[in-house]
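Enquirer: First the structure, which I've put down as structure tokens, then a few questions once you've had a look.
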Amino acid sequence: GIYDMQPPYFSRAFQRLLLERLIFQRKQSEHPADFTGASPIAHVHPDAPPFLIFHGTFDNLVPVEHARRFADALRAVHAPP
């Protein structure tokens with residue numbers, strides 16, 4: 001999955017082609033709030049429900065670091081019972 005749609009987490013070409021042209025149909029530089037609002041990592045909070053995150057090691061569109069950063073953000077705000 002895509003967990004953060006804000007730069008610099010994608011190459012500029014990926015951002016222009018996939019995110020700006022196909023998904024949002026607008027430029028991130030002109031509508032940054034749309035990209036932030038659609039980024040799951042921007043909505044991490046202590047009361048977030050449990051997550052199960054899968055990320056394929058051969059994913060060639062989204063680097064595995066995206067999933068790791070999202071998991072780290074969830075761990076940082078959620079204390080185990």
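Enquirer: Do we find a residue being touching a helix residue (DSSP H, G or I) at 6+ places or on another chain (Cβ under 6 Å), in a loop (DSSP other than H, G, I, E, B) and either loosely packed, with under 11 Cβ neighbours inside 10 Å or of a type in the set (V, I, T) (or both) anywhere in the stretch 49-69?
Expert: yes
Enquirer: A further question follows. Quick one: is L22 surrounded by fewer than 11 Cβ atoms within 10 Å (Cβ to Cβ) and at pLDDT 90 or above?
Expert: No: the conditions fail for L22.
Enquirer: Condition first: surrounded by fewer than 10 Cβ atoms within 10 Å (Cβ to Cβ), in a loop (DSSP other than H, G, I, E, B) and more than 14 Å from the chain's Cα centre (by Cα). Can you find one or more residues in the stretch 28-39 that meet it?
Expert: Within the stretch 28-39, one or more residues are surrounded by fewer than 10 Cβ atoms within 10 Å (Cβ to Cβ), in a loop (DSSP other than H, G, I, E, B) and more than 14 Å from the chain's Cα centre (by Cα).
The values are calculated or read from the model by the stated rules, or taken from the named source; none is laboratory data. Everything numeric here is computed off the predicted structure, so don't read it as measured data. Here Cβ is always computed from backbone atoms with ideal geometry, including for glycine, and neighbour counts include all displayed protein chains.
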